[in-house]
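The values are calculated or read from the model by the stated rules, or taken from the named source; none is laboratory data. Remember, predicted model here, so these are calculated numbers, not experimental data. Here the Cβ positions follow ideal geometry from the backbone for every residue, glycine too, while neighbour counts run over all protein chains shown.
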Amino acid sequence: MTNAELTELLGGWKGFEIQAIERHDASETQSGRHEVVITLAACSGFAPTCSACGQKRLTVHDTESRRVRELPVFDADCWLLIPRRRVACPDCGAKVEELSWLGRYARVTARLAESVAKLCRLLPGKQVAEYYHLARSTVKAIDKAALERDVGPIDLTGVTEIAIDEFSIQKGHRYATVFIEPATRRVLWLCRGKSRKDVRPFFELLGKDGRNNLQAAVMDMNAAFDEEVRAQCPNAEVVYDLFHVVAKYGREVIDRVRVDEANRLKHDPSARKVVKSARWLLLRNRANVKPKDRLRLKELLGANQALSTVYILRDDLKHLWDYRYRGAAHRFWKEWHSRAIESSIVPLKTFAEKLSKYLPGILSHCRFPLHTSVLEGINNKIKVIKRMAYGFHDDEYFFLKIRHAFPGN
């Protein structure tokens with residue numbers, strides 16, 4: 001078998017052939033691992049190509065020996081010793097020769113880089129670096145370049161509906177904001193922060209036509225998101241979803257009433273303990289209450305009028321999102337609001353008055369039945385990505401990971 005045939009059999013390094021192969025035991029290497037060193041030479045008649053303009057059959061300006069990592073061979077790290085040529089291009093000057101299997105300034109082959117990038121989809125970069133005996137910075141650079149190539153530039157063409165939410169990016173109340181397309185589950189754009197100034201570049205990317213074509217934006221009751229959408233997109237309706245309103249009701253009404261009732265029962269320790277320990281039982285959706293807890297819930301609501309009232313009104317409030325006719329939804333809201341005010345329960349009355357300011361966004365759900373449940377699922381996956389890497393110090397890299405995980409249906 002000739003060297004050229006052996007090179008082709010191994011998968012080939014186009015334009016080069018094997019001159020020599022050496023194996024070094026771990027005791028003979030600086031790394032302390034087994035190594036295979038393959039020396040390559042340019043094939044006779046292989047015309048070099050300028051890596052800048054693609055011109056072929058150029059003269060060689062100079063040559064230097066370069067040591068390049070290749071995929072491991074059996075139990076050993078594999079190194080290539082190659083003559084890296086610079087061509088004398090009449091248009092571009094002295095440029096490195098273009099090779100299909102090796103980047104212009106790369107110290108690892110395209111084959112190894114592809115394998116590293118694939119493994120980074122499954123494992124943290126630290127473990128990939130240890131597996132291939134590469135520097136973590138090298139693994140990150142390879143993975144980042146592969147992500148940029150796979151996800152491509154941000155494309156907001158044809159976007160008419162968006163969902164906006166923030167998620168924790170670091171401890172200390174540091175947040176990032178994510179924009180998605182609800183219909184396709186595609187992550188459109190991300191940024192650090194959650195203020196109007198932070199999210200404004202998204203609307204600049206949309207362009208004037210894109211902002212005019214945007215019809216709906218679903219979000220929680222975040223004033224910054226609301227104000228920026230209304231300021232930038234004249235034809236878009238802001239939609240407040242059920243999940244965040246009910247969660248807010250749980251925190252500001254049910255929790256507050258439960259604490260007040262527990263304090264009122266401080267002279268009856270047994271009754272106080274029952275009320276105080278019922279937090280998650282009261283916050284859980286009725287359909288999700290376990291059979292063994294249903295009798296306990298029934299007894300608790302039967303014994304405490306205030307808790308029973310706020311619990312029933314929470315379930316009733318959810319029906320507001322069932323309507324598809326705005327007029328009927330508005331009549332339902334007026335009835336619910338009236339019951340809340342007449343209850344004389346201060347936290348409930350306060351919540352009802354606050355919520356009335358957000359009524360237009362809630363009623364927009366009749367026309368655009370959007371919700372952020374998809375976003376909540378995406379946020380959970382984002383947390384998994386962050387935990388796998390033990391956090392990210394590079395926002396751009398982190399956001400590329402997220403966009404790659406959610407390319408859309």
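Tabulated results
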item	result
Yes/no for Asp165 being in the same structural domain as Leu400 (by TED's automatic domain parsing), surrounded by 14 or more Cβ atoms within 10 Å (Cβ to Cβ) and either among the charged types (D, E, K, R) or under 24 Å from Gly12 (Cα atoms) (or both)	yes
Only one of Ala88, Ala106, Ala52 that is in a strand (DSSP E or B) and surrounded by 12 or more Cβ atoms within 10 Å (Cβ to Cβ)	Ala88
Count of segment 177-202 residues which are under 11 Å from Glu166 (Cα atoms), in a strand (DSSP E or B) and in contact with a helix residue (DSSP H, G or I) (Cβ under 6 Å, 6 or more places away or on another chain)	5
Condition met for Glu130 (over 28 Å from Phe368 (Cβ atoms) and either surrounded by fewer than 14 Cβ atoms within 10 Å (Cβ to Cβ) or not assigned by TED's automatic domain parsing to the domain that holds Glu227 (or both))	yes
Conditions (1) on the phi < 0 side of the Ramachandran plot; (2) outside any helix (DSSP H, G or I): number failed by Glu353	(2)
Those residues of segment 223-261 which are in a helix (DSSP H, G or I), among the hydrophobic types (A, V, I, L, M, F, W, C) and in contact with a helix residue (DSSP H, G or I) (Cβ under 6 Å, 6 or more places away or on another chain), in sequence order	Ala224, Leu242, Val253, Ile254, Val257
Condition met for Leu282 (in contact with a helix residue (DSSP H, G or I) (Cβ under 8 Å, 6 or more places away or on another chain), within 24 Å of Thr372 (Cβ to Cβ), modelled with pLDDT under 90 and of a type in the set (A, V, I, L, M))	yes
Residues (among the hydrophobic types (A, V, I, L, M, F, W, C) and closer than 20 Å to Val239 by Cα) located in segment 334-355	Trp336, Phe351, Ala352, Leu355
Subset of segment 378-402 [of a type in the set (Lys, Arg) and buried (at least 18 other Cβ atoms within 10 Å of the Cβ)]	Lys386, Lys401
Filter result for Ala329 (touching a residue at least 24 places away in the same chain (Cβ under 8 Å), more than 18 Å from Val246 (Cβ to Cβ) and part of a helix (DSSP H, G or I))	no
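To keep it simple, each residue is scored yes or no on (1) touching a residue at least 24 places away in the same chain (Cβ under 8 Å); (2) among the aliphatic types (A, V, I, L, M); (3) loosely packed, with under 14 Cβ neighbours inside 10 Å.
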position	(1), (2), (3)
Ala223	no, yes, yes
Glu227	yes, no, yes
Val239	yes, yes, no
Tyr249	yes, no, no
Val257	yes, yes, no
Leu265	no, yes, no
Arg286	yes, no, yes
